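Notes follow the structure.
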Amino acid sequence: MAQAQDTLSTRQRKMREVVVTTQRSAERIGKIQIGAEQVNISELTATPQLFGERDIMRSLQLLPGVKSESDASSNFQVRGGTSAQNLILIDDAPVYNLGHLAGLFSAFNDNALASATLYKGLIPAQYGGASSAVFSTTARTGTLDNWHGSATIGLLAAKAMVEGPLVQQKMSLLVTARRSYMDALLQCFPDFRGNTLYFYDLNAKLHYAHDTRNSFSLTFFRGRDRTGLEDKLDMGWSNRALSLSWRHLFSGSALSHTTALYSDYSTDNAMDILGMDASFTGHIRQGGLRQSFQFHWGPAQFHVGIQSLLMDVKSAEWHEMNVHERESRTSWDNAFWVNTVAAVTDQLSLSAGLRTDAFSVLGGAMYYDLNEQGDIIRLFNKKRGEIVKTYVNLEPRLSANWRMHPLMSLKAGYCRTTQHLHALRNQSLATPFDRYITSSNLLHPEVADQVSLGFFAMTPAQDYDISLEGYYRDIQHVLDYRDGKSFSSEIELERLVLAGQGRGYGAEFCLRKNSGRLTGWLAYTLSWSQAKIPGINEGRWYDANNDRRHDINAVANYHLSPRWTLGAAWTYNSGQAFTAPSGKYVIEDNYIYYYSERNGYRAPDYHRLDISATWTKQVRRLHHELNFSIYNLYNRYNPFIINFEDSENGARTRAKQYSLFGIMPSVAYTLRF
């Protein structure tokens, strides 16, 4: 039976689109998709980390074309898009706002992941629902021979992993768990015993190989945060994802993959301060079925599939004093796709696909029409489940790889994607308090068209490789605040925003060293991100609030000895765009700021150096690992928030910068068995 299981695993790997956790130079040059990063999880998580927490999403920010939101966020932005325009999947189930401590680091546990791919250029037709990028992860399957485990203790949290066979060579289980102990530390201080501050996450995967042609797996993910200030403030947010899949191998190596999935992201916040009793809740819930087939027809490999999802999105429900307001919508999203990969000649390979998406807005909630000022002029409703409006979009995908030389390739690609889930933020970075809404009778789906061109080369021994990519991205129906509107001005989200056009363009350079005692990479990104929305900035193009011209990341890992490994990462970002007052005037002894231009100013530049040292030792069956890290080695106080303050008499106004972190040392110990 062990040999049969190995045969099944081998045949499945041949058909699976995301199976690689390492990527040599030849693979980067030879693959067809432009802008696809098959992530080396062990390499990325070996970089120095904040608080010693290995975080794959923070490590992604070191790749070319990928940007961090801020010191306070593990969320990433790709090629001018926001983090809300990314789709993150774990075994085909979507997860949202995937951050602990308001996004400080992600809820992804590195012990739970087997492989991951970031699609930032061409997105294959089997993926949709994101106008910027797709980050697809595969959960690890437990070992089928013996039980193994690990435990880690860090400054903020402890985590553990256990994996092994429930039935030898047939059924395996893997469970990882992490929990912070900050709440326990707070109890040691009398002044803080009434406060709450904790997070946890749990990953589990049950895998069963029925025979050589059929296997089943159940993947579960749960993340939860809670912060409380005595009886005055209580904030919580959570993620749940569940997927049940069946893989069946037909004769001739054709593969069927059936998945039932469910996802739930929820927020629950309340406060009672100065006599103001208020609460705010929201959620994104979806569930459905996904069926795909992979097979060969002649020299071409095909991927064909269909997906149907029901979505329930509550943008907000407020209880403030005696006022209760709620906005919730349901929808039905259906997609069909076909994608093919083929070698046209010995030098030219193509990947071509088409995805058809049909998104239906469903009744059961209140809908309305607006005038130009954003006032409601008509209310209407339809029965629960009745279609209010349907959007049908065709999304062509095309990528080509011309192997001009055994050591060089030229790639080009075009991709159209649509996104029906819109996010409205209180600031320029994602928080657990973002509001979400789907496309409606008023809000059209975002439609993004991207073209990419890249040159890739490597040395004969594959010690070094280099890449240079350029892209242009056009987006329709992007949203931004109306002038004078804020996050909570109205419960009706459509009244807060205007829609228009966006564009992003730039170039990405990366030089990698892949072998020897010293490995690493140097990445540089030059980019522009802009928007043009009638009614904002006088209808002129303006820089988006995530626009940042230059990003540089230098990463190095040095294997000093069999027991010691040193790491370093230096990051530089040029100033991010923000809106500042151009002047002010007085109304009844109150100073009112005047804004003449949207995002017309730049924050100071950002840069920091992180270092780490890792000691390992094997003692019989026990593997010991001790990690020392220093975040922001030279104690640079980088901009996090910039506020504007008036002098006592109001004659002068000054900008005041607030920073989040100075130098932050940390230590973590891991035991594996």
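Under the condition of being in a strand (DSSP E or B) and open to solvent by 40 Å² or more (accessible area, probe 1.4 Å), which residue from segment 162-176 is nearest to Ala102 (Cα to Cα)? Residue satisfying both the conditions and the ranking: Val175.
Go through Thr459, Thr519 for me and flag whichever is open to solvent by 40 Å² or more (accessible area, probe 1.4 Å) and polar (S, T, N, Q).
None of the others qualify; the one that does is Thr459.
The set of residues in segment 363-394 that are part of a loop (DSSP other than H, G, I, E, B), open to solvent by less than 70 Å² (accessible area, probe 1.4 Å) and over 19 Å from Ala499 (Cα atoms) comprises Gly363, Gly364, Ala365, Gly385.
Out of all the residues in segment 498-516, which are farther than 30 Å from His559 by Cβ and either open to solvent by 10 Å² or more (accessible area, probe 1.4 Å) or acidic (Asp, Glu) (or both)? Give the derivation first.
Restricting attention to segment 498-516, the residues satisfying the condition of being farther than 30 Å from His559 by Cβ are 498-507.
Leu498, Ala499, Gly500, Gln501, Arg503, Tyr505, Gly506, Ala507, listed by residue number.
Asn545 passes every criterion in (1) under 21 Å from Tyr472 (Cα atoms); (2) surrounded by fewer than 16 Cβ atoms within 10 Å (Cβ to Cβ) apart from (2).
Inspection of segment 236-254 identifies at least one residue that is among the aromatic types (Phe, Trp, Tyr) and over 24 Å from Arg435 (Cα atoms).
Scanning segment 572-598 for residues that are surrounded by 11 or more Cβ atoms within 10 Å (Cβ to Cβ) and polar (S, T, N, Q), which turns out farthest from Lys532 (Cα to Cα)? Out of the qualifying residues, it is Asn573. Looking across segment 605-621 at every residue that is more than 28 Å from the chain's Cα centre (by Cα) and open to solvent by 50 Å² or more (accessible area, probe 1.4 Å), the one that is nearest to Asp551 (Cα to Cα) is identified as Trp615. Arg193 satisfies every condition listed in (1) open to solvent by 20 Å² or more (accessible area, probe 1.4 Å); (2) at pLDDT 95 or above; (3) basic (Lys, Arg) except (2). Scanning segment 109-133 for residues that are assigned to a strand (DSSP E or B), of a type in the set (S, T, N, Q) and over 22 Å from Ala84 (Cβ atoms) returns a single hit, Ser115. In segment 310-324, of all residues being surrounded by fewer than 20 Cβ atoms within 10 Å (Cβ to Cβ) and within 23 Å of the chain's Cα centre (by Cα), the one that is farthest from Ser440 (Cα to Cα) corresponds to Leu310. When the residues of segment 554-575 are filtered to those that are among the polar types (S, T, N, Q) and under 19 Å from Gly81 (Cα atoms), the one that is nearest to the chain's Cα centre (by Cα) is Asn573.
Name the single residue that is farthest from the chain's Cα centre (by Cα) among those in segment 147-161 being over 25 Å from Asn214 (Cα atoms) and open to solvent by 40 Å² or more (accessible area, probe 1.4 Å).
If we filter segment 147-161 for residues that are over 25 Å from Asn214 (Cα atoms), which is where we start, we get 148-161.
Cutting the leftovers down to open to solvent by 40 Å² or more (accessible area, probe 1.4 Å) gives us 148, 151, 153, 155, 160.
Working: His148: 30, Ala151: 26, Ile153: 26, Leu155: 25, Ala160: 24 Å.
Among those residues, the one meeting the criterion is His148.
Evaluation of Leu113 against the conditions (1) of a type in the set (A, V, I, L, M, F, W, C); (2) crowded, with 22+ Cβ neighbours inside 10 Å; (3) at pLDDT 85 or above shows that the sole unmet condition is (2).
With a requirement of 3 or more residues that are modelled with pLDDT of 90 or more and among the hydrophobic types (A, V, I, L, M, F, W, C), the strands (runs of 3 or more DSSP E) lying completely within segment 620-669 that satisfy it span 622-631. Of the numbered criteria (1) surrounded by 20 or more Cβ atoms within 10 Å (Cβ to Cβ); (2) farther than 24 Å from His444 by Cβ, the one Arg473 fails is (2).
Residue count for segment 395-445, restricted to those that are in contact with a helix residue (DSSP H, G or I) (Cβ under 8 Å, 6 or more places away or on another chain), surrounded by 22 or more Cβ atoms within 10 Å (Cβ to Cβ), small (Gly, Ala, Ser) and assigned to a strand (DSSP E or B): 1. Here Arg602 meets each of (1) open to solvent by 70 Å² or more (accessible area, probe 1.4 Å); (2) touching a residue at least 60 places away in the same chain (Cβ under 8 Å) with one exception, condition (2). All told, Thr345 falls short of being open to solvent by less than 50 Å² (accessible area, probe 1.4 Å), modelled with pLDDT of 90 or more and not hydrophobic (A, V, I, L, M, F, W, C). Would you please list the contacts, defined by Cβ atoms under 6 Å and residues six or more apart or on different chains, that run from a residue in segment 559-571 that is open to solvent by less than 70 Å² (accessible area, probe 1.4 Å) to a residue that is of a type in the set (Asp, Glu)? Matching pairs, first to second residue: Ala569/Asp610. Screening Ala102 against (1) within 22 Å of Arg54 (Cβ to Cβ); (2) more than 15 Å from the chain's Cα centre (by Cα); (3) open to solvent by 20 Å² or more (accessible area, probe 1.4 Å) leaves a single unmet condition, (2). Taking Glu327, is it open to solvent by 20 Å² or more (accessible area, probe 1.4 Å) and on the phi < 0 side of the Ramachandran plot? Taking the combined requirement at face value, the residue does not satisfy it.
The values are calculated or read from the model by the stated rules, or taken from the named source; none is laboratory data. Note that the structure is predicted; figures quoted are calculated from it, not measured. FYI the Cβ positions are ideal-geometry reconstructions off the backbone, even for glycines, and counts take in every protein chain you see. Accessible surface is based on the protein model in full, side chains and every heavy atom, while ligands, DNA and RNA are left aside. Shrake-Rupley method; radii C 1.70, N 1.55, O 1.52, S 1.80 Å.
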